[in-house]
Amino acid sequence: MFRNYEKRPDFLVNVPDIAPIFVEVKVRSIGRKKLSGPLSKEPAFSEDHAPFLRIRNFQSKVGIATWYAFFEKTNKGTDETVAYLCPVSRLEKQVKSDFLGNFENWPIIWIPRRCLNRCTNHLDLSNPCIRCQGQDRICETPDL
């Protein structure tokens, strides 16, 4: 794992009638997709680029889907009532392909909360991108 620049996810979850998935759990304060411009008001979670690539490498070597689970960190602690899920591939869409692996120019990956699966009482593995249409497609044109 160290030689291949991989990171082991936090959990292996067996999803009945589907397949097992790996889950990397993050507790993050909600931020903004951009500091200014059209996406400056878009609530988003962040992941550092380097650990993201390590998880991505792990997924490609093992061949089992890997998902991120974000829990919101608030002033009162961690909100454990809602988990926001997304597969590695959806987080990867937030980085322009020519910047993938370029930590200096793209140190943090931001994914809008609306691009994540909101899980409260059950595990939601659907694809919210299907509902995302037209100019609202944030992942179509990621920018610095």
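Data for the structure
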{"read-out": "Gain in span if fully extended, Ser29 to Asp17, counting 0.36 nm per residue against the direct Cα distance", "value": "1.0 nm"}
{"read-out": "Along principal axes, Cα extents of region 11-140, largest first, whole Å", "value": "43, 35, 32"}
{"read-out": "Computed lengthening from Thr74 to Asp48, 0.36 nm per intervening residue step minus Cα-Cα distance", "value": "7.4 nm"}
{"read-out": "Net charge of neighbours whose Cβ lies under 12 Å from the Cβ of Thr66, counting Lys and Arg as +1 and Asp and Glu as -1", "value": "+2"}
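None of the figures in this text is laboratory data; all of them are computed from the coordinates on show. Predicted model only: the values in this text are computed from it and were never measured. Virtual Cβ from ideal backbone geometry, glycine too; neighbours counted across all protein chains shown.
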